[in-house]
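Asker: One structure, pasted below without further comment.
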Amino acid sequence: MSRLIDDYIRSEDERARADQIDELAARFAERAARHDREGSFPFDNFADLREAGYLKLTVPKQYGGDGLSLYELVLLQERLACGDGSTALAVGWHIGQILHLRTSRKWPEPMFADLCRSVVKDGTMINTFASEAGTGSPSRGGKPETVAVPSEGGWRITGRKTFSTLSPILDRFVVTAYIPGEDCTGEFLVRRTDKVSLIETWDTLGMRATGSHDVVLDDVFVSEEMRITGKGEDDGGGWLLHIPACYMGIAVAARDYALSFARSYRPNTLEAPIASLPSVRHAIGEMEIELRTARSLLYASADRWDREKDARPSLKPVLGLAKYVATNNAIRVVDLAMRIVGGGSLSRHAPLERYYRDVRAGLHNPPMDNAVIQTLAGAALAETAL
Ligand SMILES: Cc1cc2nc3c(=O)[nH]c(=O)nc-3n(C[C@H](O)[C@H](O)[C@H](O)COP(=O)(O)OP(=O)(O)OC[C@H]3O[C@@H](n4cnc5c(N)ncnc54)[C@H](O)[C@@H]3O)c2cc1C
């Protein structure tokens, strides 16, 4: 009988990649508790990801990558998160943003080509540091307090970024900064120099091994061409589905743990394992409803985004809905899994309590619930106004 996680595999190729990622996920699962406890960045996992070619999955084929589709990205990210949510979320920003740059053509081509070649050759990774203490989530459109001012041949940037996932490992990253002379926000590709410092602030409830520390830029010089001026095409933000894929993966891992527990745990008051109890079977059925609903939405949206290239900007409500349902259902699945396992689910020697903490972070990744609800309301009103 096929496993739930395999439901959306469509081809031999996808099967082969999925098997490869399952091996990585199993290895990462063994290291996850330690990195979570220490809040340490999993450099070992990233060395393995690089070795396995994971970092170049979404790089266009013309630059030596695999040119993966969004659907395939979701498929692999979900499986990776079954092993370690932190690693999956962190690498998801990288492979997601490469996909985004590939489809939006937001960067000048030579700049993008240079990044891609470096990903393939050196295992370079990328992320965008947009969040700041004073602006709240950048998805709400706040003006950065980080400032970029013109300087001979380029720009000087000063400010402090929060939630900077992957910061311990990146040698370059994108920052958003306010440009006072133009009264607008710009994006800049910044190299790590001695003017950039990492302040190890990331000590959180969940996703503790994502290295999402603060990054301080102290009058950092970037040359003129490092300002990303291209507007590119609106791709609807499909790449952000790496986020719900991650939280679904954690939920699947929690469900599998609870199922295995329910099949094997037989207290001496019972003739059979607790999986025979109507109340436990009810909770299992509820987990299936949450998971199957969310996964069908997630994969259907990824597939639509891949196929309906011209309609991508209009898919925003659909993509937001997939994220909303996946992250909220994932929280419910982990909760149900813990109810099935009982008091043992609280043990720090079992993974459920980590899943419980990690899955909670999904609420604070974009798009946030209230934004999704507003987008859906706006789309509904616009449609009926026609
Ligand atoms: C694990 C993790 C990894 C992350 N990685 C990155 C990363 O790599 N790069 C990056 O840039 N960011 C990253 N983030 C940050 C993320 O994108 C958000 O900026 C951050 O979580 C803060 O969002 P918020 O909604 O809590 O903040 P706020 O926007 O400050 O919201 C806080 C509260 O105020 C309300 N609120 C505030 N303003 C408004 C408004 N205008 N309208 C309606 N409600 C409002 C919200 O509803 C919420 O209740 C990461 C976050 C997490 C949890």
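The values are calculated or read from the model by the stated rules, or taken from the named source; none is laboratory data. All values reported here derive from a predicted model rather than from experimental measurement. Reconstructed Cβ throughout: ideal geometry from the backbone, glycine too, with neighbour counts over all protein chains shown. Remember, those area values only see protein heavy atoms, side chains included, never the ligands or the DNA or RNA. Shrake-Rupley method; radii C 1.70, N 1.55, O 1.52, S 1.80 Å.
Asker: Which net charge results for the neighbourhood of Asp214, defined as the other residues with beta-carbon distances under 11 angstrom from its beta-carbon, given Lys and Arg at +1 and Asp and Glu at -1?
Answerer: With Lys, Arg at +1 and Asp, Glu at -1, the neighbours total 0.
Asker: So what's the gap between the Cα centers of the range 59-115 and the range 159-226, to the nearest angstrom?
Answerer: 20 Å
Asker: Additional query: With just the Cα atoms of the range 238-385, tell me how far they stretch along each of the three principal axes, in Å, largest first.
Answerer: 63, 27, 26
Asker: What is the chain's relative contact order, in percent, from Cα pairs under 8 angstrom and six or more apart in sequence?
Answerer: Numbers: 670 pairs, mean separation 66.1, N = 386.
Relative contact order comes out at 17 percent.
Asker: Shifting gears a bit: With a ≥ b ≥ c the root eigenvalues of the C-alpha gyration tensor of the range 4-122, is it rounded (a/c under 1.5), prolate (a/b larger than b/c) or oblate?
Answerer: oblate
Asker: Can you tell which of Ser314, Ser296, Ser347 shows the greatest fluctuation in a Gaussian network model of the chain with Cα springs below 10 Å?
Answerer: Ser347
Asker: Angle between the Cα long axis of helix 316-341 and the longest principal axis of the chain, 0 to 90 degrees, nearest 10?
Answerer: Roughly 40 degrees between the two axes.
Asker: For the range 69-163, state which GluC sites (Glu not before Pro) are in a DSSP loop and have at most 13 other beta carbons lying within 10 Å of their beta carbon.
Answerer: On the way: sites: Glu72, Glu78, Glu132, Glu145, Glu152; in loops: Glu145, Glu152.
Listed in order of number, the matching sites are Glu152.
Asker: Each residue of the range 30-36 in order: what ³J(HN,Hα) in whole Hz does its phi give by Karplus 6.51 cos²θ - 1.76 cosθ + 1.60, θ = phi - 60°, with x for Gly and Pro?
Answerer: Couplings: 5, 9, 4, 4, 5, 4, 5 Hz.
Asker: Kirkwood hydrodynamic radius of the chain from all distinct Cα pairs, in Å?
Answerer: Result for the chain, one decimal place: 21.7 Å.
Asker: Can you pull out the trypsin sites (Lys or Arg not before Pro) in the range 325-386 whose DSSP state is coil and whose Cβ has at most 14 other Cβ atoms within 10 Å?
Answerer: On the way: sites: Arg332, Arg339, Arg348, Arg354, Arg357, Arg360; in loops: Arg348.
Passing both the DSSP loop test and the Cβ count: Arg348.
Asker: Under a crude label model (7 Å from the Cα following the beta-carbon direction), how far is Leu346 from Glu51 in nanometres?
Answerer: Spacing of the two 7 Å Cα→Cβ label points: 3.9 nm.
Asker: Right, next: Say R0 is 22 Å: what FRET efficiency, to the nearest 0.05, do Glu288 and Ser314 get from their beta-carbon distance?
Answerer: 0.10
Asker: Sticking with this one: So if the hydrodynamic radius of the range 128-226 is defined as the Kirkwood radius over C-alpha pairs, what does Stokes-Einstein give as its diffusion coefficient at 37 °C and 0.692 mPa s, in µm² per second? List each step's numbers first, then the result.
Answerer: Numbers: Rh = 13.6 Å.
Estimated diffusion coefficient is 241 µm²/s.
Asker: Then there's this: What ranking of Thr229, Thr58 comes out by heavy-atom accessible area, probe 1.4 Å, highest first? The partial results should precede the final answer.
Answerer: On the way: Thr229 100, Thr58 0 Å².
Largest accessible area first, the list is Thr229, Thr58.
Asker: Could you list which residues have their amide H under 5 Å from that of Lys195, counting only those 5 or more apart in sequence or on another chain, with H placed in the peptide plane?
Answerer: Here nothing satisfies the definition.
Asker: Run the helix sum for the chain: -39,500 (n - 2.57) per DSSP H stretch of 4+ residues, divided by residue count, reported at 222 nm to the nearest 500 deg cm²/dmol. Don't skip to the end; give the middle numbers.
Answerer: Working: 10 runs with 189 residues, N = 386.
Calculated at 222 nm, the ellipticity per residue is -16500 deg cm²/dmol.
Asker: Moving to a separate point now. At 1.4 Å probe size, put Lys161, Lys61 in order of accessible surface, largest to smallest.
Answerer: The ordering from most to least exposed comes out as Lys61, Lys161.
Asker: Per residue of the range 267-274, what does 6.51 cos²θ - 1.76 cosθ + 1.60 with θ = phi - 60° give for ³J(HN,Hα)? Whole Hz please, x for Gly and Pro, Karplus curve as stated.
Answerer: Residue by residue, the range 267-274 yields x, 6, 7, 10, 7, 9, x, 4 Hz.
Asker: Using only alpha carbon pairs under 8 Å that are at least six residues apart, calculate the relative contact order of the range 4-122 and give it in whole percent.
Answerer: Values: 103 pairs, mean separation 36.2, N = 119.
Over the range 4-122, the number comes to 30 percent.
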